[in-house]
Amino acid sequence: MRTMLYRHALREGLDEELQRDENVVIMGEEVAQYNGAYKVTEGLWEKWGDKRIVDTPISEAGFIGMGIGASMLGVRPVMELMFWSFHSVAFDQLVNNAACVRYMSGGLIHVPIVVRGPANGGTNVGATHSHIPEGLFAAFPGLKVCAPATPADAKGLMKAAIRDNDPVYVMENTLLYGTEGEVPEADAGDHLVPLGKAEVKREGSDLSLIAHGRSVIQALEAAQTLESEHGIQAEVLDLRSIRPLDVDAILETVAKTNRAVLVDESKGFGGVSAMVATLIQEEAFDHLDAPILRVTTVDAPAIYSPYVENEQLPNPKRIVEKVLQIA
């Protein structure tokens, strides 16, 4: 194992897939000479050239539509959104075309496109740049959505997404790009993380913290505090994929600990945790010894003020407080 930054793990996954399959191309605003807004594509233009790393105009609807069309002709495009908050400009392409073409063609035409980029708050860039839309896109049949929390998962999920024949939306987190973690050596074999497979990031017996994306990091920090200050052993389940959802893993951890606190940077209304809570209620009610509780982002647009926005988002302190209500 070596230690690697989250952004570098993503880039290594992209680079390996560019090497493996000549049909893989990367497109988006400033992904070429500028190396990407968050430097995920740094060095790839110099290595692969203009035909594989393609700068696009500032027109999300245009270049997402171009990628969908190219994917139907055999290309496997990876499209970078500078912020997922700009998805609204391309919403029709993302949900009416990418999600529906395979169904509307009776399975004759596939759309093997990956759309990736930062989707999160917490960077103090205002309401229109801070949407967290993974729950929104997971609601559309035909789309697959994942949210990696660690560098190893970022690389493995990215490679799996590129090889998938359906549209896959990879929701990264700006605040994770500079984080480090262990990643298998490049010569240790093909590192793939299957879509739809959750992972227990920390074993525990007293309750389950179920999270995805950056919330996993917050949950792990809260679990450490719960152990050291309260003697509570919290299990942390990382969903990794929002759709398909690893239902078995969710039910197994609830059956093991009998208590669940869901941590989700989405808004509480209609967010990912709302779906997971419903699933537990329907499928694992007999295992519960306490109500299902959630820690979500406050139901209001993001505020510029760092102090206020930090309080809007889930954080370890809020997670610990919520756990102590049922522990």
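Here are some residues: Gly268, Gly231. Which one is under 22 Å from Val320 (Cβ atoms), among the small types (Gly, Ala, Ser) and at pLDDT 95 or above?
The conditions single out Gly231.
Which one of these is touching a Phe, Trp or Tyr at 6+ places or on another chain (Cβ under 8 Å) and either of a type in the set (S, T, N, Q) or within 21 Å of Ile292 (Cβ to Cβ) (or both): Asn173, Asn124?
Among Asn173, Asn124, only Asn124 is touching a Phe, Trp or Tyr at 6+ places or on another chain (Cβ under 8 Å) and either of a type in the set (S, T, N, Q) or within 21 Å of Ile292 (Cβ to Cβ) (or both).
Looking at the range 232-259, I want the residues that are without any contact (Cβ under 8 Å) to a residue 60 or more places away in the chain and assigned to a helix (DSSP H, G or I) and have a partner that is of a type in the set (Ser, Thr, Tyr) and open to solvent by 40 Å² or more (accessible area, probe 1.4 Å) with Cβ atoms under 9 Å, at least 6 apart or on another chain. Which pairs are those?
The qualifying pairs are Lys256/Ser205; Thr257/Ser205.
Condition check: touching a Pro at 6+ places or on another chain (Cβ under 8 Å) and open to solvent by less than 10 Å² (accessible area, probe 1.4 Å). Does Ser208 satisfy that?
It is false that Ser208 is touching a Pro at 6+ places or on another chain (Cβ under 8 Å) and open to solvent by less than 10 Å² (accessible area, probe 1.4 Å).
Filter the range 184-225 for residues that are polar (S, T, N, Q), more than 14 Å from the chain's Cα centre (by Cα) and not in a loop (DSSP other than H, G, I, E, B) and give the result.
Of everything in the range 184-225, those that are polar (S, T, N, Q), more than 14 Å from the chain's Cα centre (by Cα) and not in a loop (DSSP other than H, G, I, E, B) turn out to be Ser208, Gln218, Gln224, Thr225.
As an exercise: evaluate Ala188 against (1) at pLDDT below 95; (2) touching a strand residue (DSSP E or B) at 6+ places or on another chain (Cβ under 9 Å); (3) loosely packed, with under 15 Cβ neighbours inside 10 Å and give the number of the one condition it does not meet.
Answer for Ala188: the failing condition is (2).
Does the range 145-162 contain at least one residue that is under 25 Å from Ile303 (Cβ atoms) and open to solvent by less than 30 Å² (accessible area, probe 1.4 Å)?
Scanning the range 145-162 turns up at least one residue that is under 25 Å from Ile303 (Cβ atoms) and open to solvent by less than 30 Å² (accessible area, probe 1.4 Å).
Any residue in the range 281-298 that is touching a helix residue (DSSP H, G or I) at 6+ places or on another chain (Cβ under 7 Å), among the acidic types (Asp, Glu) and under 26 Å from Val125 (Cα atoms)?
No, every residue in the range 281-298 fails to be touching a helix residue (DSSP H, G or I) at 6+ places or on another chain (Cβ under 7 Å), among the acidic types (Asp, Glu) and under 26 Å from Val125 (Cα atoms).
Quick check, is Val272 open to solvent by 40 Å² or more (accessible area, probe 1.4 Å) and of a type in the set (Val, Ile, Thr)?
Here the answer is no, as Val272 does not meet what is asked.
Could you check, for the range 94-116, whether at least one of its residues is in a helix (DSSP H, G or I), over 26 Å from Ile303 (Cβ atoms) and in contact with a strand residue (DSSP E or B) (Cβ under 8 Å, 6 or more places away or on another chain)?
Within the range 94-116, one or more residues are in a helix (DSSP H, G or I), over 26 Å from Ile303 (Cβ atoms) and in contact with a strand residue (DSSP E or B) (Cβ under 8 Å, 6 or more places away or on another chain).
If you take the residues of the range 226-254 that are under 19 Å from Asn315 (Cβ atoms) and of a type in the set (Val, Ile, Thr), which of them is most open to solvent (accessible area, probe 1.4 Å)?
Ile232
Give me a count of the residues in the range 270-321 that are more than 20 Å from the chain's Cα centre (by Cα) and under 12 Å from Arg259 (Cα atoms).
Of the residues in that region, 12 qualify.
Can you tell me which residue in the range 101-122 is farthest from Ser266 (Cα to Cα), limited to those that are open to solvent by 40 Å² or more (accessible area, probe 1.4 Å) and in contact (Cβ under 8 Å) with a residue 12 or more places away in the chain?
In this case the residue turns out to be Ile109.
Only one residue in Ile58, Ile68, Ile53 is within 23 Å of Glu134 (Cα to Cα), modelled with pLDDT of 95 or more and out of contact with any Lys or Arg (no Cβ under 7 Å at 6 or more places or on another chain), so which one is that?
Step by step, each of Ile58, Ile68, Ile53 is checked, and only Ile68 is within 23 Å of Glu134 (Cα to Cα), modelled with pLDDT of 95 or more and out of contact with any Lys or Arg (no Cβ under 7 Å at 6 or more places or on another chain).
Of everything in the range 14-37, what is of a type outside the set (A, V, I, L, M, F, W, C), touching a strand residue (DSSP E or B) at 6+ places or on another chain (Cβ under 9 Å), farther than 23 Å from Leu192 by Cβ and open to solvent by 20 Å² or more (accessible area, probe 1.4 Å)? Give them in sequence order.
Of everything in the range 14-37, those that are of a type outside the set (A, V, I, L, M, F, W, C), touching a strand residue (DSSP E or B) at 6+ places or on another chain (Cβ under 9 Å), farther than 23 Å from Leu192 by Cβ and open to solvent by 20 Å² or more (accessible area, probe 1.4 Å) turn out to be Glu30, Gln33, Tyr34.
The values are calculated or read from the model by the stated rules, or taken from the named source; none is laboratory data. None of these values were measured; they are calculated from a predicted model. Positions of Cβ are backbone-derived with ideal geometry, glycine not excepted, and every protein chain shown enters the neighbour counts. We work out accessible area using only protein heavy atoms, side chains counted, and drop any ligands, DNA or RNA first. Shrake-Rupley method; radii C 1.70, N 1.55, O 1.52, S 1.80 Å.
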